[in-house]
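Please read the structure below before turning to the comments.
The values are calculated or read from the model by the stated rules, or taken from the named source; none is laboratory data. Quantities reported herein were computed from a predicted structural model and do not represent experimental measurements. Cβ placement follows ideal geometry from the backbone for every residue including glycine, while neighbour counts extend to all protein chains displayed. The accessibility values were calculated without ligands, DNA or RNA, using every heavy atom of the protein model including side chains. Shrake-Rupley method; radii C 1.70, N 1.55, O 1.52, S 1.80 Å.
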Amino acid sequence: MTVVSDSSPLVILTKLGCFDLPGHPANQTYQIKEARHPTEEAPEASDLQMPEGRSVNVNAPQPAKGALRPSEQDCRLIVDSIPGHVVTLTAHGDIEFVNQQWLDYLGKTLDGLKSWTNGVVHPDDLSRAVATWNLSVKTGQPYDSECRFCRADGVFRWFHVRAIPERDAEGHIVRWYGLYTDIDERKQAEDRLQLLLDVTNQVVANLQIDDLLRAISASVRRMMQCDVVYVCLPRSDVNRLRIFVLDFPDSRGFIREDSISIEGSIAGIVFRTAKPWMGNAADLLQLGVKDDPGIAEGLNTGCVLPLISRNRVLGVLALGRREDHGLNQADLGFLIQVANQIAIAIENSSAYHESTSARAYLEECLKEIQSLKNRLQDENLVLREQIDQALMFEEIVGTSSALQAVLSLVSKVAPMDSTVLLTGETGTGKELIARAIHKGSRRSSRPFVGVNCAAIPASLIGSELFGHEKGAFTGALQRRLGRFEVAEEGTLFLDEVGELPAETQLTLLRVLQEREFERVGGNQPIRANVRVIAATNRDLEAAIAVGTFRCDLFYRLNVFPIEIPPLRERREDIPLLVEYFIGHFARKAGKSFRGINKKTLALLLSYPWPGNIRELQNVVERSVIVCETKNFSVDERWLSQRPLASEPTSHLKLTHKLAAHEKEMIEVALRKSEGRVSGLSGAAAKLGISRSTLESKIRSLKINKYHFKTARASKT
């Protein structure tokens with residue numbers, strides 16, 4: 001009696017889809033009845049169930065069995081010959097059947113294989129494979145996994161394992177049928193492609209050469225199953241290479257991150273020849289390389305590849321194994337691709353570090369330039385302050401106490417932004433004092449704009465100071481900026497401010513009060529950031545008394561008054577002034593003088609100079625032009641015929657007389673109104689002026705109006 005077991009080649013081929021009966025396609029399902037020993041209750045025949053209820057009786061009489069045995073032998077031959085390894089396992093995973101190819105691969109017998117995981121699966125894959133197997137047993141789903149199995153010579157290769165379960169009539173798993181397919185070459189190709197992709201990504205993403213090469217070296221060592229991978233790059237010393245990156249977990253200390261000589265090392269030979277080398281220790285000895293550190297480390301096989309980019313050798317990539325089996329040509333071709341990527345990485349990193357170093361150097365240079373610039377600016381500022389301090393009174397010549405008192409006031413008020421009123425006779429140098437104030441102020445770097453109010457017609461002074469819009473008046477063909485806008489953030493010098501007309505005085509008062517103005521013909525307010533310095537040779541208080549100058553404007557201008565002394569009050573400065581003017585005009589005229597005639601000097605000292613310094617300057621300039629002697633002299637007739645300031649004295653006497661007469665009239669009106677200013681019977685009505693004007697005149701003339709009220713009270 002012949003029994004077909006569930007582990008027979010016929011059943012295995014049927015389960016794995018390899019069996020095809022004549023006249024029946026292989027894609028149809030064939031059911032194998034479980035073989036049982038014949039008993040009294042069961043017939044001796046077993047049937048191979050075919051589609052549509054048909055069956056093959058495997059326990060048929062001799063003619064049928066004789067026909068079946070050659071088919072089973074053919075099936076066994078097929079199982080042993082297919083390009084895969086066939087295994088059947090019990091429901092618990094114990095091996096029942098293994099084809100001859102799998103036994104030959106493992107180098108074991110069927111009795112020596114108790115379990116499919118027993119010592120044949122790679123330790124790194126074992127836990128994953130077992131977990132996947134347990135999940136298939138639990139769920140009843142086909143087992144599908146990839147893991148490495150140990151070959152008879154100790155080499156692990158990748159296999160794709162697929163097993164399908166066999167169930168009984170109740171649906172319980174009674175057996176597993178597995179097929180093991182060698183995918184080692186495919187897996188290596190995938191891993192190498194992934195490594196190249198990882199290297200490329202590292203090259204793009206990481207420009208730090210140390211981190212980049214360490215990651216690449218570790219990946220290459222694992223992929224190529226080497227003991228050591230390192231990169232050598234040239235040093236500044238052309239005769240040595242530096243082991244730049246070393247991945248050698250089991251090093252004996254002979255190869256370390258240090259420099260090696262190009263002479264006597266395989267790395268040096270490859271670096272100089274730019275040709276890859278692959279071989280074993282015996283090949284090194286044949287090349288005459290006896291002192292290579294790889295020999296001392298016990299490396300038996302390896303390869304060294306040049307890192308080439310743009311026809312230039314940047315370094316070498318070295319791999320070594322202690323095992324005897326070396327690398328093949330396919331491995332070498334792959335490593336050449338890796339070496340090319342590493343060369344690109346090194347070049348990119350070198351370019352990055354060079355640009356980074358250049359950028360850092362430029363930043364340091366810029367910082368140094370900025371520091372030097374700031375230092376230069378500070379030094380220039382200090383120097384300018386020193387120069388301004390020294391040249392602040394450059395054109396102001398004199399050492400008299402009267403002049404020094406004026407210069408002391410100038411030094412105090414210059415740093416401030418206060419309005420200054422300069423008073424004094426004509427020709428005393430009020431504009432020079434104004435310029436000195438500007439030079440000593442915080443506005444010294446901004447413009448100094450001067451306006452002679454007496455030289456501009458009354459109808460145009462407003463336009464000159466505040467500007468005008470296009471079409472503001474006849475002849476205003478375009479917008480014009482006034483002096484206040486031109487002097488923005490600087491200083492505006494109003495010379496002869498006492499000559500301003502009444503309407504311009506009112507506008508100037510608004511500028512000083514509110515710091516804004518409007519152009520003539522405009523309606524947009526303009527902010528004014530200007531320091532005002534005013535000057536006059538008139539007695540403004542007397543002008544206020546006669547009503548030709550606004551008292552409120554006077555108080556706005558008279559914040560810091562400075563009176564410039566006339567030249568007759570500083571006679572000790574005349575010799576210095578004469579020398580200064582002689583030197584100035586002599587250079588322009590191309591002349592030189594040895595000294596000053598004593599008689600001329602005495603004449604200049606005795607003369608009262610009603611025109612002050614301006615008159616002295618004119619006299620000296622004229623004398624330089626006409627003088628033909630080596631000693632400077634002045635024609636006496638130019639001075640003796642000049643009036644001695646009679647006009648200013650008579651003008652002052654008239655002004656005082658007018659003020660006294662005005663005061664007398666106001667006192668008479670106050671006496672009649674008994675000290676009352678406003679009202680129909682007040683002093684203002686009696687004088688025919690407004691109350692505010694009268695109050696202003698009372699204050700300017702220093703009249704005590706309460707004295708007249710007291711008189712009224714005593715009468716009562």
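So the values come out like this:
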{"quantity": "Sequence ranges 684-694, 258-268, ranked by mean other-Cβ count within 10 angstrom, highest first", "calculated": "258-268, 684-694"}
{"quantity": "Whole-number accessible area per residue in Å² for the stretch 463-550, which is evaluated in the context of all protein chains at 1.4 Å", "calculated": "45"}
{"quantity": "Rounded percent of accessible protein surface that carbon and sulfur make up, the stretch 480-591, 1.4 Å probe", "calculated": "47"}
{"quantity": "Accessible surface of Arg519 - all protein chains present, 1.4 Å probe, nearest 10 Å²", "calculated": "30"}
{"quantity": "The stretch 229-342: relative contact order in percent, alpha carbon pairs under 8 Å with at least 6 residues between", "calculated": "25"}
{"quantity": "Per-residue SASA entry for Tyr706, accessible area with 1.4 Å probe, Å² rounded to 10", "calculated": "140"}
{"quantity": "Nonlocal amide H pairs with Cys147, under 5 Å, H built at 1.01 Å", "calculated": "Phe159, Val161"}
{"quantity": "Chymotrypsin sites (Phe, Trp or Tyr not before Pro) within the stretch 237-336, DSSP loop, no more than 16 other Cβ atoms inside 10 Å", "calculated": "Phe254"}
{"quantity": "Chymotrypsin sites (Phe, Trp or Tyr not before Pro) restricted to the stretch 432-513 and DSSP loop, no more than 14 other C-beta within 10 Å", "calculated": "Phe473"}
{"quantity": "Solvent-accessible heavy-atom area per residue, rounded to whole Å², over the stretch 254-382 at 1.4 Å", "calculated": "57"}
{"quantity": "Burial ranking of peptide ranges 232-240, 409-417 (average Cβ count within 10 Å, highest at the top)", "calculated": "409-417, 232-240"}
